[in-house]
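Data block below; observations after.
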Amino acid sequence: MAEQTLKEKTAKGLFWGGLSNGLQQLLNLLFGIFLARLLTPDDYGMVGMLSIFSLIAASLQESGFTAALVNRKEAGHEDFNAVFWFNVLCSACLYTLLFFCAPLIAAFYGVPELTALARYTFLGFFISSLGIAHSAYLFRNLMVKQRAMASVVALTVSGITGIVLAWNGLAYWGIATQSLVYITTNTAFYWYFSPWRPTFRWHFAPVREMFGFSSRLLITNIFNHINHNLFSILLGKLYTEKEVGYYNQANKWCGMGQMTILGMVNGVVQPVFARTAEEQERQRQIFRKMLRFVSFVSFPAMLGLGLVAEELITIAVTDKWLPSADMMHILCVGGAFVPLTHLYQQFIISRGKSQLFMWNTICVCVCLLMVSLATYGYGIKTMLTAYVALNIGWLLVWHYFVWKEIGIRLIHALKDVLPFALIASGVLLLTYFLTLPISNIYLRLAGKVLLAAALYIGTMWLCRSVTFMESMEYLFKRKKA
């Protein structure tokens, strides 16, 4: 009965995670189209230069306690309360520090306007600190539906706000305000859906108990943010605001695809692995099943996004953004492997190996920085290609540590991943050549999407893919219900 309950919760979590992130990325797409038509690459570049500072500050104020609370065997009111007040106090100190450091950030990029924009933008991570403990409560209790509803509503409200402000000529201030509105709305809904409430009587003993685990995740998250935003930093320093804007536009479209997939598994993977920590054989089966499911979704989705990059950008945000399409091709190839890497990372965390997770992430980040600096003189595309290739290759390192934990051999992982990667690549290559003669850009986009989807689904059905059959069975079962 416990097995069935966990299986049902996992399936429900995957469904709501996928539905939520599908809706979120659809809304991101619609709002992004309006904003990209109203704003310029320079506007996006201004905000993009600050993203790494906001993300690092957010990691410092969260300090890895969400994962620590999820993986704690027993988490009561005192634990959540200690984390809540620690986050609030920490974020207040960080905002004060960054407020006075804003002129230094502006001087680093040589853009004086960044001082005021930074002080305004950095308010977001203080607001978000008010909802971290509530988010952890929802996450720990697999309340994926509630988290999904909060995100969708927040995205809708903030998207409308961003468009109205951009329409009225507020440029990059509109993008910054959109982000603040999203964070505030999301935090408010976390409070609404979570039954837990903070109290004014607290002590930090639980924080000290969790700090060994959480501090390593904190350092890891900082390096992850540096890794994912490396180009925003380097391009902002080595190139112009416009080129940063082109990269951010490409990265945003690629990120929408990644987040749709990651959102399906984020809400369930770590809690499920944590609950089966004592059953190695069961964990091995769950991991391989997750590996197949992620591959089944990720490769056609991300490689397909790269296939339609030119048409999508030209139709959606006009050809002024067309230089982003070449960057998208490279990013989408790497993006197909990102959900697999994330699955490996979440498993390592669930095993309590935060120190291993930290050092491995630091190593890959240092290697990426060295490779990027060594190749920047050859142009942005060369830098991106080297960046993507190293990230894909590092999957072998992550697999080694998972093999050490539960004995999954590389040949078995390749059997789970490669069929989906090869079928998706073959289908999309065939689709590309079959649609070459279509001159109308709208018909070509529709032809690529429909033909690729039909060929991939048809191939899965002919191959009698177990993952495909199980997914269809679950979807039709929900439809009947």
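The values are calculated or read from the model by the stated rules, or taken from the named source; none is laboratory data. This structure is a prediction, so every number in the text was calculated from the model and none was measured. Note that each Cβ is placed from the backbone with ideal geometry, even for glycine, and that neighbours are counted across all protein chains shown.
So the values come out like this:
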{"read-out": "Hits in the stretch 411-468 (condition: among the aliphatic types (A, V, I, L, M), out of contact with any helix residue (DSSP H, G or I) (no Cβ under 7 Å at 6 or more places or on another chain) and over 26 Å from Leu395 (Cβ atoms))", "value": "Leu436, Leu443, Ala446, Val449, Leu450, Ala453, Ala454, Ile457, Leu462"}
{"read-out": "Residue match in the stretch 155-164 (condition: under 29 Å from Val272 (Cα atoms) and surrounded by 19 or more Cβ atoms within 10 Å (Cβ to Cβ))", "value": "yes"}
{"read-out": "Test: residue in the stretch 460-472 that is in contact with a Gly (Cβ under 7 Å, 6 or more places away or on another chain), in a helix (DSSP H, G or I), of a type in the set (Val, Ile, Thr) and surrounded by 14 or more Cβ atoms within 10 Å (Cβ to Cβ)", "value": "no"}
{"read-out": "Test set (1) within 27 Å of Val157 (Cβ to Cβ); (2) buried (at least 19 other Cβ atoms within 10 Å of the Cβ); (3) at pLDDT 70 or above - Ser54 fails condition number", "value": "(3)"}
{"read-out": "Filter result for the condition that a residue is of a type in the set (S, T, N, Q) and surrounded by fewer than 18 Cβ atoms within 10 Å (Cβ to Cβ), over Asn186, Asn168", "value": "Asn168"}
{"read-out": "Failed item, numbered, when Gly306 is tested on (1) among the small types (Gly, Ala, Ser); (2) modelled with pLDDT under 90; (3) surrounded by 19 or more Cβ atoms within 10 Å (Cβ to Cβ)", "value": "(2)"}
{"read-out": "Residues (in contact with a Ser or Thr (Cβ under 7 Å, 6 or more places away or on another chain), over 30 Å from Gly426 (Cα atoms) and at pLDDT 75 or above) located in the stretch 260-303", "value": "Arg282, Gln283"}
{"read-out": "Any hit, the stretch 232-250, residues being touching a helix residue (DSSP H, G or I) at 6+ places or on another chain (Cβ under 7 Å), in a helix (DSSP H, G or I), modelled with pLDDT of 70 or more and closer than 24 Å to Gln345 by Cα", "value": "no"}
{"read-out": "Filter pass, Lys404 being assigned to a helix (DSSP H, G or I) and closer than 23 Å to Arg282 by Cα", "value": "yes"}
{"read-out": "Which listed residue, of Ile127, Ile160, is farther than 18 Å from Ser91 by Cβ, over 19 Å from the mean Cα position of the chain (by Cα), of a type outside the set (D, E, K, R) and modelled with pLDDT of 85 or more", "value": "Ile160"}
{"read-out": "Pairs where the first residue, in the stretch 391-403, is crowded, with 16+ Cβ neighbours inside 10 Å and the second is in a loop (DSSP other than H, G, I, E, B), C-beta under 8 Å, 6+ apart", "value": "His399/Ile408; Phe401/Lys353; Val402/Ile408"}
{"read-out": "Filter result for Leu436 (without any contact (Cβ under 8 Å) to a residue 40 or more places away in the chain, loosely packed, with under 12 Cβ neighbours inside 10 Å and more than 15 Å from Arg292 (Cβ to Cβ))", "value": "yes"}
{"read-out": "Per-region count, the stretch 85-131, residues without any contact (Cβ under 8 Å) to a residue 24 or more places away in the chain and among the polar types (S, T, N, Q)", "value": "2"}
{"read-out": "Lone qualifier among Thr361, Thr375 - being over 19 Å from Gln283 (Cβ atoms), touching a Ser or Thr at 6+ places or on another chain (Cβ under 7 Å) and touching a residue at least 40 places away in the same chain (Cβ under 8 Å)", "value": "Thr361"}
